[in-house]
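Next up is a structure, given as structure tokens.
The values are calculated or read from the model by the stated rules, or taken from the named source; none is laboratory data. Note that the coordinates shown come from a computational prediction; the quantities given were computed from them, not determined experimentally. Cβ placement follows ideal geometry from the backbone for every residue including glycine, while neighbour counts extend to all protein chains displayed. With ligands, DNA and RNA removed, areas are computed over all heavy atoms of the protein, side chains included. Shrake-Rupley method; radii C 1.70, N 1.55, O 1.52, S 1.80 Å.
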Amino acid sequence: MTSDPRQPWQPALFDLPAPTRRWRRRLWTGLRLVARVLVPLAGAGVGAAIALNLVPYDLRVAGVPLQVSISTFSGHGISGNSSLGSISYPDVDGLPIGVHLTPQDIDLGNLRGLSRNSEAFADRAGTDFDAELPAIKRHFVLAFLLGSLAGAIASEVTRRTVQSLVPTLRRRSFHAMEAKSAPANTAVFLSHAVAGAAVLTLVVGSVGVATYNSNWSRTYQVSGLLADFKAVPGKLTELYTRDTTSADKVRALLRLEDTLTKASEQKTNQETAYKILFISDMHLRDMYAYVGNVARQQGVKLIINTGDESEYGSTFEMTQRYLQSIRHLTAKVPMIWIAGNHDSPQTVRIMRSIPKVIVLGDKTERADGSYQVTGQEVQAFGLRIAGLADPRVFGAKGVAGASDTTKTNPLEVASVQEAGKTFAPDQTIDIGMGHEPVAADELEMVLRARLMASGHTHEQNDPGDLQDSDYINLNEGSTGLGGLDHYDTSPMEFSVMAVAPDCQFTQITRYQLSDPARPSDSRKAQIRTVTFTPQKVDDGRTCTTDKGISDVADWNGAAGKILTQAAG
């Protein structure tokens, strides 16, 4: 009588047909092999992440004590952090690893003296950091290697412990194997751990090299109070009247921010002829004084406004106080404006009556309650700019006042196609203006513009979606802090773009700022600067404010005379 070779705890595999036993044995063997590879690899990743997070590096740069730390899976790129905000370069590579520089116990008096001469401060900071860079690299590479090896060993110990405790995971559950010697087990054990750490190092290094962006320093962002003060440096004067110590700290940190971003701005290698401010969706929130302050301090010479000035399109909404704010701004900086879906024909007429507001396109009501819209163009400072009014008015009858995009999107597209029948391009359109993004996308196919500006969504489009080859798509957020119903949730958004003397669009700075009336909301503030790759521009073109602004012309109409209207 043959005894049953199974132990009481073993599975009843021997009761199964031979082909099934072989199939299950092969599957189980394959899973074990996968576990042998993945468990040490996962352990190495966890160990490396813990080690990198636990061992910061301390140094001094231009007399400023800094701590360099690394985070994993909670940020990426390079950043400089402080209690008042941060400066970050988010587009270094595709690794989920962030490198952070944080000032430690700043001696404000010393820092104020160091930062007074910004050029000398920048030179010294760069020299000090370059001298420390090899040591910083060695520090974190060693932490990564030791952490990954420790993690791989710990995971392999755990795997073997679980395997020894759970009977069904033992090899002898399926077939007899001779016990290996302790030295052999130790060698295999260590080889698995080392292999896991080595594979992790190879994977991380390969991904880092493959995704490295050599132009990473061209895109950066500033957040928090630093963003607010960078947008309107004059706010420092106000802060000095309340708290001199805090103002000095802000000024010193702004010096640091200027040092970090100076090299990025120089890499554009382009002179700036003038700057354009893009705004949208004011919705009667009178932010024009604030915007005018930004325009003055940033050297803006032209404003592009993609509409939604009012809320319901009624005449009484456009109060004299509100209109006076616009007049005060446009007396210094001309504005090109199109009607949005909250702007009625009455709104268009009011905006057209304001000096130096150039309204592109018209909107007239039909008998059935729908709206006829037309496009117009203007030449401003060497750029050809075309715009089309939105065919809707909030609260109107039928589709013209609807909010269901399944109904309104076809209306938007149809209005562009109808207006586009009169447009036959005979030269480059540099900037196209449409209120809703769906209309702007369709309008781009008609105008073939180098840049399409739109609004409506109350949210700026992602920086990664700004440029595709020679085409720039700029969807601006709400400059009126989201409109009447969204004061507490939406930041104030606008952008400032640099135009080169050869009409290239070289760089854009996108602002997301807290409500000036709510200082506690400064955590929402953020400024991001993106450098554009060169676009195809006809040879011999020049852009300068000396070229002035022409009369408005209908699409494909003769260019109007150049007005004496000059930049403020």
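Tally time: how many residues in segment 377-396 are out of contact with any Ser or Thr (no Cβ under 8 Å at 6 or more places or on another chain) and open to solvent by 30 Å² or more (accessible area, probe 1.4 Å)?
2
Right, another one. Which of the residues spanning segment 151-164 are open to solvent by 60 Å² or more (accessible area, probe 1.4 Å) and in contact with a helix residue (DSSP H, G or I) (Cβ under 6 Å, 6 or more places away or on another chain)?
If the condition is that a residue be open to solvent by 60 Å² or more (accessible area, probe 1.4 Å) and in contact with a helix residue (DSSP H, G or I) (Cβ under 6 Å, 6 or more places away or on another chain), then no residue fits.
Out of all the residues in segment 52-82, which are open to solvent by 20 Å² or more (accessible area, probe 1.4 Å) and assigned to a helix (DSSP H, G or I)?
Correct list: Asn53, Leu54.
Please go through segment 432-446 and give me each residue that is outside any helix (DSSP H, G or I) and of a type in the set (Gly, Ala, Ser), ordered by number.
Passing the criteria: Gly432, Gly434.
Hey, another quick one. What's the total number of residues in segment 453-471 that are open to solvent by 60 Å² or more (accessible area, probe 1.4 Å) and either closer than 29 Å to Glu311 by Cβ or at pLDDT 95 or above (or both)?
So the answer is 4.
A follow-up question, please. Just to be sure I understand, how many residues within segment 100-118 are out of contact with any Pro (no Cβ under 8 Å at 6 or more places or on another chain), surrounded by fewer than 20 Cβ atoms within 10 Å (Cβ to Cβ) and modelled with pLDDT of 55 or more?
The total comes to 2.
Applying the selection to segment 272-287, what residues are aliphatic (A, V, I, L, M) and either farther than 17 Å from Ile326 by Cα or free of Cβ contacts under 8 Å to residues at least 60 places away in the same chain (or both)?
Ala273
Could you say whether any residue in segment 410-430 is part of a loop (DSSP other than H, G, I, E, B), under 18 Å from Met452 (Cβ atoms), among the polar types (S, T, N, Q) and touching a residue at least 40 places away in the same chain (Cβ under 8 Å)?
Taking every residue of segment 410-430 in turn, at least one turns out to be part of a loop (DSSP other than H, G, I, E, B), under 18 Å from Met452 (Cβ atoms), among the polar types (S, T, N, Q) and touching a residue at least 40 places away in the same chain (Cβ under 8 Å).
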